[in-house]
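Q: Have a look at the structure that comes next, please.
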Protein chains: 2
Amino acid sequence: MLYANNTTYKRHHNAGSSDVPRKPSTSTKHQHTPMGGQDNDTARKGVGGLLHGAHGHYAGDDGRAARPKNGHHECDQCAVRQYALCSVFKSQEGFARFESLVRHKHLHAGQSVFEEGDPSEYVYNVSEGAIRLYKLLPDGRRQITGFLLPGAFLGLALRETYSYGAEAVTDSHLCQFRTSELKQLFLDFPELRQRLYEMANDELAAAQEQMLLLGRKTAKEKIASFLLQLADHALNQNRDPLPLAVPMTREDIADYLGLTVETVSRVFSRLRKSGVLTFSGPSLIVDADFDALEDLAEEG
Amino acid sequence: MLYANNTTYKRHHNAGSSDVPRKPSTSTKHQHTPMGGQDNDTARKGVGGLLHGAHGHYAGDDGRAARPKNGHHECDQCAVRQYALCSVFKSQEGFARFESLVRHKHLHAGQSVFEEGDPSEYVYNVSEGAIRLYKLLPDGRRQITGFLLPGAFLGLALRETYSYGAEAVTDSHLCQFRTSELKQLFLDFPELRQRLYEMANDELAAAQEQMLLLGRKTAKEKIASFLLQLADHALNQNRDPLPLAVPMTREDIADYLGLTVETVSRVFSRLRKSGVLTFSGPSLIVDADFDALEDLAEEG
DNA sequence: CGGGCACTTGAGGTGCGTCAAGGATTGTGG
DNA sequence: CCACAATCCTTGACGCACCTCAAGTGCCCG
């Protein structure tokens, strides 16, 4: 079940440009990934850094989500209510007003939430699953700018159109709001804006860190940093970083780190052969020498 | 005067790591750059994109700043008051309260505003000059994450320490506020937070664009995109994009685009030889084929 | 069991980094 | 006014990290 994702973004075929890197031709399909499976299901949330999600305060359960999987979503059963945007509404009536605006949306792995350039009519809160944000060049080259995890907010930019695309990496659940209605709420709930502001700041810091990675780190350092992000996110949720699940495909990782699939694969292999990582299948790392990874990542 | 900047960030020498790119050894010095000079002085503000500044509404003057250069700064003479943060204070007493908190700081080219890890006691508004934001790896590799221009806000991230360093590219003037005091103002002036939120969002969108550039564009595309950023910023200030000044050094450009000095220089040369650009000295472009640049940049 | 997809691995090419040298500009001090 | 030192920029030769192309393996699912 760790192969729980696939790619759906379309890459425009581009007849004959010259000195530009590979423009992949990619198939388009939707694939329903069965949820459930064994317990390392927890992995689905395991990302961190530019990979946004709720941090800390993962009260109670050890990371395994015992949520309604039947598509019947209610806010009072919501897994992320304690720390998502919703947590701003302390009072009963405040929350009621908030809840009245929400529309629940379920997405299958690979489905698009919105595309770059779409009018930004809605904003979302991720309550289950994982979303990837990406930007494309006209010839199809893709840069993934981040992964969103439960508790993360989607659509921050209060602009007329989305400046990036968003797709479900795995089956996901989103709470949808009209941008205009959310703005109304700002008037009565200044804490809401405060909360969004903090989130934007966190994203900004993460984005700067990612620029450093993209512009100045080697492939090995990028992979090491990425794995540490995954591990840190697990720690932030009070989960054990081992075994470490890598829910996204090699292609997603490559597009996130500014590499190619082959390079990602090769670096993983080299880390495995040098004893830093032990794999159990391509998307599950059962052992990792985090000290070695930190040296490799040149953190700081 | 277009060589109006230098580098001051320290690059740690790192005895013997192996497969890591060049770790430059850089001198440390402060250099006072005489302001004034001829009129293409306007160039000092010429940046855009991740290069933040005030956009639009550059009422009146054609870009040449007729500001008090005598260090005696008063808010009511401030060049950016109309569109900087200060503009949220409509009322006389509101602004008075705001002004009472400000402390004016003048920086010479190359001087540090703060370094990564410093406690974020202050935030700033840029009223004159240009600031570069950067992050360093332990071995000295640097990534410039953005340039700040008049009207831009510095220190957005309401975190305990700055997550990046900031240095003056040219002689600059900043308005300094205590973070704690600014937060107080939030209570009485919700528009202030709104404004900062919008700014953070703009930066975020720019950061994502820059990630696309860093992760997926070729050297030529990066340079072309960069020049278009410069030109767009000029346009946003109602200035003619030609002649186009490039106030930062090749090293700054390289560290901004994830390249080396030599590559930056070579690409400029190639663009010059192919007739896309015409230079008058290394930091002034007197003619540019913007259509060609847009093709090269793969904008989209 | 067969086709599709993700992943891996190898062989070879290249864009850009590295190393090195030289030119242009500016500021400094005699 | 002229060495000079210090930067910054440019250019060439070369090498390598990563990309490209291609073939093969394993897994999943129909």
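Q: Which condition from (1) modelled with pLDDT under 90; (2) more than 10 Å from every other protein chain (Cβ to nearest Cβ); (3) under 19 Å from B:A152 (Cβ atoms) is the one that B:Y197 breaks?
A: (2)
Q: Here's another thing I want to ask about it. Would you confirm whether or not the range A:286-297 contains a residue that is closer than 20 Å to B:L137 by Cβ, within 11 Å of chain B (Cβ to nearest Cβ), within 12 Å of DNA strand D (Cβ to nearest atom) and among the charged types (D, E, K, R)?
A: No, the range A:286-297 has no match at all.
Q: Here is a follow-up. Report whether or not B:A254 is crowded, with 20+ Cβ neighbours inside 10 Å and in a helix (DSSP H, G or I).
A: Numbers: crowded, with 20+ Cβ neighbours inside 10 Å: yes; in a helix (DSSP H, G or I): yes.
Yes; evaluated as a whole, the condition is true for this residue.
Q: For A:T218, only one of the following conditions fails: (1) at pLDDT 90 or above; (2) surrounded by 18 or more Cβ atoms within 10 Å (Cβ to Cβ); (3) within 14 Å of chain B (Cβ to nearest Cβ). What is its number?
A: The single condition A:T218 does not satisfy is (2).
Q: Another question about this same structure. Is it the case, given these coordinates, that A:E203 is surrounded by fewer than 23 Cβ atoms within 10 Å (Cβ to Cβ) and acidic (D, E)?
A: In short, no.
Q: What residue, among those in the range B:261-276 that are of a type in the set (D, E, K, R) and exposed (fewer than 15 other Cβ atoms within 10 Å of the Cβ), is nearest to DNA strand C (Cβ to nearest atom)?
A: B:E262
Q: I would also like to ask the following. Within the range A:167-174, does at least one residue satisfy the condition of being surrounded by fewer than 20 Cβ atoms within 10 Å (Cβ to Cβ), under 29 Å from A:Q77 (Cα atoms), of a type in the set (D, E) and in contact with a strand residue (DSSP E or B) (Cβ under 9 Å, 6 or more places away or on another chain)?
A: no
Q: Name, by its number, the condition in (1) surrounded by fewer than 17 Cβ atoms within 10 Å (Cβ to Cβ); (2) more than 16 Å from DNA strand D (Cβ to nearest atom); (3) more than 26 Å from B:A200 (Cβ to Cβ); (4) touching a residue at least 24 places away in the same chain (Cβ under 8 Å) that does not hold for A:N236.
A: Just one mismatch for A:N236, condition (3).
Q: Run B:E198 past the list (1) more than 30 Å from A:L296 (Cβ to Cβ); (2) crowded, with 24+ Cβ neighbours inside 10 Å; (3) of a type outside the set (F, W, Y) and report the number of the one that doesn't hold.
A: The failed condition is (2).
Q: A further question follows. So in the range B:143-187, with the set limited to residues that are under 15 Å from the mean Cα position of the chain (by Cα) and charged (D, E, K, R), which one is nearest to the other protein chains (Cβ to nearest Cβ)?
A: Checking each candidate, the answer is B:E167.
Q: Right, here's the next one. Given the conditions (1) more than 24 Å from B:L148 (Cα to Cα); (2) within 14 Å of chain A (Cβ to nearest Cβ); (3) within 12 Å of DNA strand C (Cβ to nearest atom); (4) crowded, with 17+ Cβ neighbours inside 10 Å, which single one is not true for B:F279?
A: Status for B:F279: all satisfied but (2).
Q: Then there is this: Across the range A:262-283, which residue is farthest from DNA strand D (Cβ to nearest atom) among those that are under 19 Å from A:L51 (Cβ atoms) and among the hydrophobic types (A, V, I, L, M, F, W, C)?
A: Restricting to residues being under 19 Å from A:L51 (Cβ atoms) and among the hydrophobic types (A, V, I, L, M, F, W, C), the top hit is A:L277.
Q: Can you tell me which residues in the range B:246-272 are touching a residue at least 60 places away in the same chain (Cβ under 8 Å) and within 14 Å of chain A (Cβ to nearest Cβ)?
A: B:E251, B:D252, B:D255, B:Y256, B:G258, B:T260
Q: Does B:L213 meet the test of being hydrophobic (A, V, I, L, M, F, W, C) and within 14 Å of DNA strand C (Cβ to nearest atom)?
A: Answer is yes for this residue.
Q: Check B:Q229, B:Q210 and return the single one that is at pLDDT below 95, assigned to a helix (DSSP H, G or I) and buried (at least 19 other Cβ atoms within 10 Å of the Cβ). Walk me through it before giving the result.
A: Working: B:Q210 fails: at pLDDT below 95.
Exactly one of B:Q229, B:Q210 is at pLDDT below 95, assigned to a helix (DSSP H, G or I) and buried (at least 19 other Cβ atoms within 10 Å of the Cβ), namely B:Q229.
Q: If A:R239 satisfies all but one of (1) within 26 Å of A:Y164 (Cβ to Cβ); (2) touching a Gly at 6+ places or on another chain (Cβ under 6 Å); (3) away from DNA strand C (no atom under 16 Å from the Cβ); (4) not hydrophobic (A, V, I, L, M, F, W, C), what's the number of the condition it fails?
A: (1)
Q: Is it true that B:S225 is of a type in the set (G, A, S), more than 16 Å from DNA strand D (Cβ to nearest atom) and in contact with a strand residue (DSSP E or B) (Cβ under 6 Å, 6 or more places away or on another chain)?
A: Spelling it out, it is not the case that B:S225 is of a type in the set (G, A, S), more than 16 Å from DNA strand D (Cβ to nearest atom) and in contact with a strand residue (DSSP E or B) (Cβ under 6 Å, 6 or more places away or on another chain).
The values are calculated or read from the model by the stated rules, or taken from the named source; none is laboratory data. Note that the coordinates shown come from a computational prediction; the quantities given were computed from them, not determined experimentally. FYI the Cβ positions are ideal-geometry reconstructions off the backbone, even for glycines, and counts take in every protein chain you see.
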